[in-house]
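Read-outs throughout are calculated quantities, based only on the coordinates presented, and are distinct from any laboratory measurement. Keep in mind that what you see is a predicted model, and the values were worked out from it rather than measured. Please note: Cβ atoms are built from the backbone with ideal geometry, for glycine as well, and neighbour counts cover all protein chains shown.
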Amino acid sequence: MQSNDVDLVDRLAMYLSGGLLLLGIVVTGLIETLDGAPRSPAATTNDAGEVIAQPTIDPNIRTALVVAALLVLLVYAIYRLAVPHVGSGTGSTTPETQPSD
């Protein structure tokens, strides 16, 4: 596929999966870093078992965003296998393929 043969489904899959991946990895990672929360995805407890620190964003939310992005790519791949890609120039005739008089 050439770079100029991108249709609406291609763009939608790229933008949606890319946005979800960026949100799930980069944005939530920056929020965790700027917040100063512990780097551990699990809650930190003391000897008595009390929670003394926990992450700002639940790791399940971050994981769900990344898995959703991967599912978008999976659905897109299945769509591409099921529906053949029709280029813009496949139906037109060229001078080489036109019958001669």
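For a quick check: sort Leu65, Leu74 by the number of other beta carbons within 10 angstrom, fewest at the front.
Fewest to most other Cβ atoms nearby, the residues stand as Leu74, Leu65.
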Within a 10 angstrom radius of the beta carbon, how do Ile57, Ile25, Ile78 rank from fewest other beta carbons to most? Ile78, Ile25, Ile57
Most exposed to least, judged by fewest other Cβ atoms within 10 Å, Glu32, Glu50 sort to Glu50, Glu32
Region 8-82, relative contact order [Cα under 8 Å, separation at least 6], %: 41 percent
For the pair Asp47 and Leu16, the simple spin-label estimate (label points 7 Å beyond Cα toward Cβ) gives in nm 5.3 nm
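Only loop residues by DSSP count here, and only those with at most 11 other Cβ atoms within 10 Å; note down the trypsin sites (Lys or Arg not before Pro) in region 22-82 that meet that. Please report the intermediate quantities before stating the final value.
Numbers: sites: Arg39, Arg62, Arg80; in loops: Arg39.
Those that pass, being in a loop and sparsely packed, are Arg39.
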